[in-house]
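Everything below concerns the one structure shown next.
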Amino acid sequence: MEQQLQSLRGMVDLLPLATVQWQHLESRAREHFRRAWVGEIRTPLLEPTELFARGIGEATDVVGKEMYSFNDRGDRSCTLRPEGTAGVVRAVIQQGLLSQGPQKLWYSGPMFRYERPQAGRQRQFHQIGLEYLGFADPRSDAEAIALAWDLLEDLGLRGLSLQLNSLGNGEDRLGYRTALVAWLEQRVDQLDPDSQQRLLSNPLRILDSKNPATQALLVDAPSLGASLSTESRQRFEAVQAALGQLAIPYELNPRLVRGLDYYSHTAFEITSAELGAQATVCGGGRYDGLVQQLGGPDTPAIGWAIGMERLALLMASGSELKGAAPDVYLVSKGELAEPFALAVARQLRGAGLAVELDLSRAAFAKQLKRANRSSAPWAVLIGDGEAQSQQVLLKDLREGEEERLDRESLLRRLQGSALGG
């Protein structure tokens with residue numbers, strides 16, 4: 001007997017009951033984007049490896065350690081997308097969307113990173129993301145953050161906290177990097193091994209090290225805020241003022257730097273106390289240099305991404321969602337009844353009703369048990385006698401009452417019930 005095949009590690013099946021919850025999350029996000037007049041964009045899962053090497057940064061863990069990359073049959077280096085922003089920017093440049101004016105876009109779908117699977121994060125994971133391209137006004141930062149905050153609140157999430165920082169512009173970060181490296185080099189023996197490695201490649205990432213000893217050491221490190229220019233500081237103050245006007249609470253976190261090289265100015269994370277160590281459910285920031293870095297015009301931009309797996313965990317620990325139920329469960333048995341039931345099911349579905357047609361040919365009693373387990377409010381029973389008379393037996397599964405109806409009367413009865421009549 002051949003060995004049973006298993007999914008790859010970190011690649012998780014999403015089963016029907018869980019899919020109901022995901023569809024709810026996605027539909028609420030879609031509605032929030034519609035209200036804000038944000039257009040959807042869909043980009044390929046597979047992109048040129050160079051896109052992420054140039055966009056995310058070769059010194060990042062994502063590019064250096066976590067990407068799924070391979071050469072295709074044309075000997076081109078290709079990568080399954082590890083995040084959504086770079087692909088959106090590539091599409092905006094390639095399709096000339098910026099010539100039509102600033103763009104407000106959102107996306108959703110799977111991303112891929114070869115990292116250790118854990119609760120709320122798999123090697124194939126899913127994100128919903130927002131990208132504002134062509135907007136420099138600090139109000140765009142506040143609006144983007146507000147969209148994420150309002151969506152999470154709408155989903156009933158609790159214990160949310162907005163962490164906020166400014167990374168300044170390129171000159172600010174360069175000056176700060178020099179000061180930070182000089183300070184850390186005098187204390188390199190006190191850093192954990194990962195931070196020692198990052199000191200050579202990406203020293204700003206040391207600031208969000210999870211190592212307790214490194215975090216304790218960093219308390220006395222130079223502050224990024226002290227390196228901000230007057231213009232960068234005023235911009236950050238304007239973002240804070242706008243969030244205050246929206247009554248969105250926030251905490252300043254000078255150690256928040258995010259993990260990708262393209263960020264500048266505003267950086268933020270929305271965390272939940274219910275997720276433990278992996279507390280971030282939404283993260284993002286401004287990336288004013290990325291469009292030009294990928295071959296487009298100098299374009300200000302800001303965006304964020306929400307992890308669907310982590311969001312689903314929060315929903316499971318907060319407002320519990322029940323699986324959906326059909327409007328009608330259709331039971332049939334008999335040579336004449338079964339094709340008649342097929343036609344009735346099609347008619348009811350055509351009228352907008354959700355109908356589960358039992359195709360088991362089991363006894364009526366067994367089919368009725370399944371009807372009750374389905375949580376459908378109604379069962380339609382069809383035997384050969386009903387098929388001959390072109391009628392059905394409608395059973396109220398909540399009250400137990402039954403009535404015999406022709407097809408048109410059945411349709412009116414069920415539509416009236418669906419509308420609350």
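The values are calculated or read from the model by the stated rules, or taken from the named source; none is laboratory data. Treat the numbers as computed from the prediction; the structure is a model and nothing was measured. Backbone-built Cβ (ideal geometry, glycine too); neighbour counts: all protein chains shown.
Data overview
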{"item": "Candidate set: the stretch 150-176, residues that are in contact with a Lys or Arg (Cβ under 7 Å, 6 or more places away or on another chain) and either part of a helix (DSSP H, G or I) or acidic (Asp, Glu) (or both); chosen: the one surrounded by the fewest Cβ atoms within 10 Å (Cβ to Cβ)", "result": "ASP154"}
{"item": "Number of the condition not met by ILE145 [criteria: (1) over 30 Å from GLN245 (Cβ atoms); (2) buried (at least 16 other Cβ atoms within 10 Å of the Cβ)]", "result": "(1)"}
{"item": "Candidates LYS369, LYS322 - the one that is charged (D, E, K, R), at pLDDT below 95 and either surrounded by fewer than 15 Cβ atoms within 10 Å (Cβ to Cβ) or within 30 Å of GLY96 (Cα to Cα) (or both)", "result": "LYS322"}
{"item": "Residue in the stretch 296-308 that is crowded, with 18+ Cβ neighbours inside 10 Å, part of a helix (DSSP H, G or I) and modelled with pLDDT under 95 present", "result": "yes"}
{"item": "Failed item, numbered, when ILE93 is tested on (1) out of contact with any Gly (no Cβ under 6 Å at 6 or more places or on another chain); (2) assigned by TED's automatic domain parsing to the domain that holds GLY284", "result": "(1)"}
{"item": "Long-range neighbours under 6 Å by Cβ, at least six apart or interchain, first residue buried (at least 19 other Cβ atoms within 10 Å of the Cβ) within the stretch 72-96, second hydroxyl-bearing (Ser, Thr, Tyr) and in a helix (DSSP H, G or I)", "result": "THR79/THR49"}
{"item": "Scan of the stretch 385-406 for residues that are assigned to a helix (DSSP H, G or I), in contact with a helix residue (DSSP H, G or I) (Cβ under 8 Å, 6 or more places away or on another chain) and surrounded by fewer than 15 Cβ atoms within 10 Å (Cβ to Cβ), ordered by number", "result": "none"}
{"item": "Near pairs, Cβ below 6 angstrom, 6+ apart or cross-chain, from the stretch 208-225 (in a loop (DSSP other than H, G, I, E, B)) to any residue that is surrounded by 12 or more Cβ atoms within 10 Å (Cβ to Cβ) and polar (S, T, N, Q)", "result": "SER209/SER195"}
{"item": "Among the candidates ALA136, ALA179, residue that is of a type in the set (A, V, I, L, M, F, W, C) and in a helix (DSSP H, G or I)", "result": "ALA179"}
{"item": "Count of the stretch 9-29 residues which are in a loop (DSSP other than H, G, I, E, B) and surrounded by 10 or more Cβ atoms within 10 Å (Cβ to Cβ)", "result": "5"}
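Every residue, every condition in (1) in contact with a strand residue (DSSP E or B) (Cβ under 6 Å, 6 or more places away or on another chain); (2) under 21 Å from GLU309 (Cα atoms); (3) without any contact (Cβ under 8 Å) to a residue 60 or more places away in the chain, yes or no:
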| residue | (1), (2), (3) |
| --- | --- |
| GLN6 | no, yes, yes |
| VAL12 | no, yes, no |
| ARG28 | no, yes, no |
| GLU31 | no, yes, yes |
| ARG34 | no, no, yes |
| TRP37 | no, no, no |
| GLY57 | no, no, no |
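Rundown of residues vs (1) farther than 19 Å from ASP288 by Cα; (2) surrounded by fewer than 13 Cβ atoms within 10 Å (Cβ to Cβ), yes/no style:
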position	(1), (2)
LEU204	no, no
LYS210	yes, yes
ASP220	yes, yes
ALA226	yes, yes
ALA247	yes, yes
PRO254	yes, no
SER272	yes, no
